[in-house]
């Protein structure tokens, strides 16, 4: 079965790391990703840029509105995703237990994925563009 590891952490804490600490963090995540790959569990790894680089879409009841920045509030923001394959939830949890985000005060949510049907897209993308707003969510 495939699982997603949803990594959440304090993105601003990473921004405050000194060069040595930052290098150690990068090395820890590289080692974790390499380990998942070597075991054959890794399907995909996505490391996200700072939440302030995001654009969030909301709906105000009449139209879609764009906002600069992440829609997540609070100290923990989405920082990355891993898609892994494991025979059971217990084995997926054992893999997630080694994630370096935990050593930085973050969290890993482990969630099973639905099996995607192998059918073509049923809906074409919408051609309209939402209006732009610079208000924060």
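Can you say whether residue 68 is over 17 Å from residue 101 (Cα atoms) and in contact with a strand residue (DSSP E or B) (Cβ under 8 Å, 6 or more places away or on another chain), as far as the supplied structure shows?
In short, yes.
Go through the range 90-104 and report how many residues are part of a loop (DSSP other than H, G, I, E, B) and within 16 Å of the chain's Cα centre (by Cα).
Of the residues in that region, 1 qualify.
Would you please list the contacts, defined by Cβ atoms under 6 Å and residues six or more apart or on different chains, that run from a residue in the range 6-31 that is under 28 Å from residue 93 (Cβ atoms) to a residue that is part of a helix (DSSP H, G or I)?
Between residues of the range 6-31 that are under 28 Å from residue 93 (Cβ atoms) and residues that are part of a helix (DSSP H, G or I), the close pairs are 7/101; 9/101; 9/104; 11/51; 28/100; 29/100.
How about the range 2-17: which of its residues are at pLDDT 90 or above and out of contact with any helix residue (DSSP H, G or I) (no Cβ under 8 Å at 6 or more places or on another chain)?
Selection gives 2, 4, 6.
Counting only residues that are in contact with a strand residue (DSSP E or B) (Cβ under 7 Å, 6 or more places away or on another chain), outside any helix (DSSP H, G or I) and surrounded by 12 or more Cβ atoms within 10 Å (Cβ to Cβ), how many does the range 1-45 have?
So the answer is 13.
Filter the range 55-111 down to the residues that are free of Cβ contacts under 8 Å to residues at least 12 places away in the same chain and either under 25 Å from residue 3 (Cβ atoms) or surrounded by 19 or more Cβ atoms within 10 Å (Cβ to Cβ) (or both) and list them by number.
74, 90, 91, 94, 97, 102
The values are calculated or read from the model by the stated rules, or taken from the named source; none is laboratory data. Quick caveat: nothing in here was measured; it's all calculated off a predicted structure. Note: ideal-geometry Cβ built from the backbone for every residue, glycine included; neighbour counts use all protein chains shown.
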